[in-house]
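Participant: The structure that follows is given in the form of C-alpha cells.
The values are calculated or read from the model by the stated rules, or taken from the named source; none is laboratory data. Just so we're clear, the structure is a prediction, and the values are computed from it rather than from any experiment. We place every Cβ from the backbone using ideal geometry, glycine too, and count neighbours over all the protein chains shown. The accessibility values were calculated without ligands, DNA or RNA, using every heavy atom of the protein model including side chains. Shrake-Rupley method; radii C 1.70, N 1.55, O 1.52, S 1.80 Å.
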Amino acid sequence: MKETTSVETLGELSSHSPTPEHKIHIRQLNTILLTVSLMAGRLLKVSSLATAVFASSGFYLYNRLLDLNDLSFIRFGRAAATTAAISYDYLTAFKHVEYGTEEYWVLKSKVHRRSAERLRDLCCANRGTFIKVGQHLGALDYLLPEEYTSTLKVLHSRAPQSSMEEIQQVIREDLGKELSELFVSFEEKPQGAASLAQVHKAVLHDGRTVAVKVQHPKVQRQSSKDIMVMEVLLRAVHWVFPDFAFMWLVEEAKKNMPLELDFLNEGHNAERVSSMLAHFPFLKISEDLGKMYSEMIFVHGFVHCDPHPGNVLVRKCPQSKKTEIVLLDHGLYQVLQPDFRLDYCRLWQALIEGDMSGVECYSRRLGAGDLYPLFACVLTARSWTAVNAGISSVPVTHSEDLEIRTNAALYLPQISDLLNRVPRQMLLLLKTNDLLRGIETILQTRASSSSFINMSRSCISAIARHKRSKAQSKRRRLQITLAESFSLWRLGMYELFLWLKGSVLGLWLTALLGFLH
C-alpha cells in the first residue's frame, strides 16, 4: 500500500505546476535517485571485479592444484598445535607419579616416545626445513633421549619427492631452457630424494652421464618463514620450561640453511674437498672415513658436516675394482678458525692420552668453563671414568653406552647450557662426531682404536705445521719436523703392536706366555 501511494503522489506532482515546497522535494528526490544510481553502478563494478577474481582464482587453483601445505598459516598452525600438544603432555603426565620411581621412568619413556612421534609427523607434514632440522635432531645420539633419536632417524628415508612437472619448472626458471635442450635423456624417477632436493640421472648432448640435483620448488620460499616459526615456538617452550634451552638449534638453522640452498656454493665446496683429499686411495670404509674426517678437521679446518648414511656411499671402482668412498651433499661445510682448530687438536690429544690438565685447559679455552667434564663426555661420547683413563686405552662397552644415554636424559638442562656457551663452530662438529659414531656403530668398528690413531696422526701433523709457520729459523723448523716424524713413528709402532696383539700370531704368543707363566 505504501508503494502505491508513493507512485500516485509522484504522478500528481508531475501533472501540476510545482510549488516552492514541491521544488525542494523534487531536488531531494533527484539527489536520492542519483546517489542510489551511483551506488548501484559501483556495486555492479565491485561485483564484476569480485566475480572475475574468484573465477580467475578458481581457474588458477584448478590448473595449479595448489597444495594447502604451501600456505604459511597452515604450516604455522600445524607446528603450533604439535608444540602445544607436546608441552601439555609433559606438563600433565607426571602429576600423580612420584619422581624417581620405576613407574616414573617408564612413564617418562612413553611421553618421550609419543612426543617424538608427534614431532616426526610434523616434520613429514611440513617437509623441507622441518625435515632437515628433524634429521639434525635424530643425529644427536648422546644429547637427546634415545626415544627421540631412534624415532627421528627415519626422516633420512622419508624425504618428499617433487613431481616431474615441478622439476621441469625449476629447471626452466633457473636455466632458461627446456629439459630436451639440455639433455638427451633425463630419468623421471629420482636416484635419491632428500629434504631439500632430489637427484636425477641424465645424459648430456656430448654423451656424458651426469647426476642432476634439483631443489624442491617450494623450499627456498618457505625456509625463512619456517625458521621464524621454529624460533617463535621454541621461545614459547623455553618460557614454559626454563630448562629447555635449544635456541642454538634455530641459530644454526638461520646460518646454515641459506648455504645448503645455494647449489653454486655446494659445487665450489665439492671441487675444494676433491682437491684437498685427492691423496687418499680409500680401501676400508670405516678406518678411512675417520682418516678423511681427521684430515678435514684437524689439518685443513674445512669440514663436511652432514655425513649421515645417505651421504656416504661405498662402491667398487669400475676400473681398479678397489673399494671407494663417495661423499655426497656438499652444501654444508664448516670453516674452522685457526686458533679454534689448534685448541681443538690439543684437546683431542689430551683426551686420547688421558692428560686431564690438558683436557681442562683446552675445554675452558673452547668455552666450556666449569662444565668441562660434561663437555669432554659429550665430545667423546665416553664416561668420565674412560676420559680419566684415556679414551684410546679403554674400549667402549655396551654398559658404558647405556650409562651415557641415561646421563644424557638426566643432564639435559646442563647440556643445553653447555651448547649455548661453546663457539658456534663447535655445534656442527658435535653433530658431525655423532653422525660418524653412528656409522661406526652400524659397521661395528666403534670399539676399534684405529680412529683414535688416525686422529692423533692428524693432530700431530696439524700442530707441527702451525709451529713451522711460526718458526724464525731453519734450525727450529728442522727440529719441529724431526719431532713430528718421531711422534708419527712412535704412533706407527703402537699401531703395529695393536695389530700383532689382535692377529693369530699375537693370540698364539699370548697363550704361550700365559702357559709358561
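Participant: Just give me the residues in region 133-169 being within 16 Å of V214 (Cα to Cα) and in contact (Cβ under 8 Å) with a residue 40 or more places away in the chain, in sequence order.
Facilitator: P160, S162, E166, I167, Q169
Participant: From the residues in region 74-103 that are among the hydroxyl-bearing types (S, T, Y), at pLDDT 90 or above and more than 24 Å from the chain's Cα centre (by Cα), which one is most open to solvent (accessible area, probe 1.4 Å)?
Facilitator: Y88
Participant: Hey, another quick one. Being over 29 Å from I131 (Cβ atoms) and touching a residue at least 12 places away in the same chain (Cβ under 8 Å) is the filter; apply it to region 174-186 and report the residue that is least open to solvent (accessible area, probe 1.4 Å).
Facilitator: Residue satisfying both the conditions and the ranking: S185.
Participant: Which condition from (1) touching a residue at least 60 places away in the same chain (Cβ under 8 Å); (2) open to solvent by 30 Å² or more (accessible area, probe 1.4 Å); (3) over 18 Å from D243 (Cα atoms) is the one that T129 breaks?
Facilitator: (2)
Participant: List, please: which pairs have Cβ atoms under 6 Å, are six or more places apart or on different chains, and start with a residue in region 238-260 that is touching a residue at least 40 places away in the same chain (Cβ under 8 Å) and of a type in the set (A, V, I, L, M) and end with one that is part of a loop (DSSP other than H, G, I, E, B) and surrounded by fewer than 19 Cβ atoms within 10 Å (Cβ to Cβ)?
Facilitator: Here the result reads none, with nothing in region 238-260 linked to a residue that is part of a loop (DSSP other than H, G, I, E, B) and surrounded by fewer than 19 Cβ atoms within 10 Å (Cβ to Cβ).
Participant: Okay, next question. Taking the residues in region 134-173 that are within 20 Å of the chain's Cα centre (by Cα), open to solvent by 30 Å² or more (accessible area, probe 1.4 Å) and at pLDDT 80 or above as candidates, determine which candidate is farthest from K108 (Cα to Cα).
Facilitator: Only one residue fits best here, namely Q161.
Participant: Before we move on, is I415 within 23 Å of the chain's Cα centre (by Cα), at pLDDT 75 or above and of a type in the set (A, V, I, L, M)?
Facilitator: Yes; evaluated as a whole, the condition is true for this residue.
Participant: Please work out which one of (1) on the phi > 0 side of the Ramachandran plot; (2) at pLDDT 75 or above; (3) open to solvent by 30 Å² or more (accessible area, probe 1.4 Å) is the condition K321 fails and give its number.
Facilitator: (2)
Participant: Could you pull out the residue among K189, K218, K213, K225 that is modelled with pLDDT under 90, open to solvent by 90 Å² or more (accessible area, probe 1.4 Å) and closer than 26 Å to L259 by Cβ?
Facilitator: On inspection, the qualifying residue turns out to be K225.
Participant: OK, next. For K218, only one of the following conditions fails: (1) basic (K, R); (2) without any contact (Cβ under 8 Å) to a residue 24 or more places away in the chain; (3) farther than 28 Å from S87 by Cα. What is its number?
Facilitator: (2)
Participant: Also, quick follow-up: Only residues that are among the charged types (D, E, K, R) and either farther than 19 Å from L402 by Cα or not in a helix (DSSP H, G or I) (or both): list them for region 140-152, please.
Facilitator: D141
Participant: Right, next: Starting from residues that are part of a loop (DSSP other than H, G, I, E, B) and hydroxyl-bearing (S, T, Y), keep the ones in region 153-167 and report whichever is nearest to L429 (Cα to Cα).
Facilitator: Step one: filter region 153-167 for residues part of a loop (DSSP other than H, G, I, E, B), giving 158-163.
Narrowing further to those that are hydroxyl-bearing (S, T, Y): 162-163.
Working: S162: 31, S163: 35 Å.
Here the residue is S162.
Participant: Check off (1) open to solvent by 80 Å² or more (accessible area, probe 1.4 Å); (2) within 28 Å of the chain's Cα centre (by Cα); (3) modelled with pLDDT of 75 or more; (4) within 25 Å of V396 (Cα to Cα) for R421 and give me the number that stays unchecked.
Facilitator: Here R421 meets the rest and fails (4).
Participant: While we're here: Count, please, the residues in region 388-408 that happen to be farther than 19 Å from G290 by Cβ and not in a loop (DSSP other than H, G, I, E, B).
Facilitator: So the count comes out to 12.
Participant: Considering region 192-209 alone, what residues qualify as being within 30 Å of G134 (Cα to Cα) and open to solvent by less than 70 Å² (accessible area, probe 1.4 Å)?
Facilitator: Filtering region 192-209 down to residues within 30 Å of G134 (Cα to Cα) leaves 192-201.
Listed by number, the residues that qualify are G192, A193, A194, S195, L196, A197, Q198, V199, H200.
Participant: Here is a further query. Would you pick out the residues in region 375-401 that are among the hydrophobic types (A, V, I, L, M, F, W, C) and modelled with pLDDT of 75 or more?
Facilitator: F375, A376, C377, V378, L379, A381, W384, A386, V387, A389
Participant: Looking at E117, E103, which one is without any contact (Cβ under 8 Å) to a residue 12 or more places away in the chain and in a helix (DSSP H, G or I)?
Facilitator: That would be E103, the only listed residue that is without any contact (Cβ under 8 Å) to a residue 12 or more places away in the chain and in a helix (DSSP H, G or I).
Participant: Further question: Any idea how many residues of region 380-416 are surrounded by fewer than 18 Cβ atoms within 10 Å (Cβ to Cβ) and of a type in the set (K, R)?
Facilitator: Looking only at that region, the number is 1.
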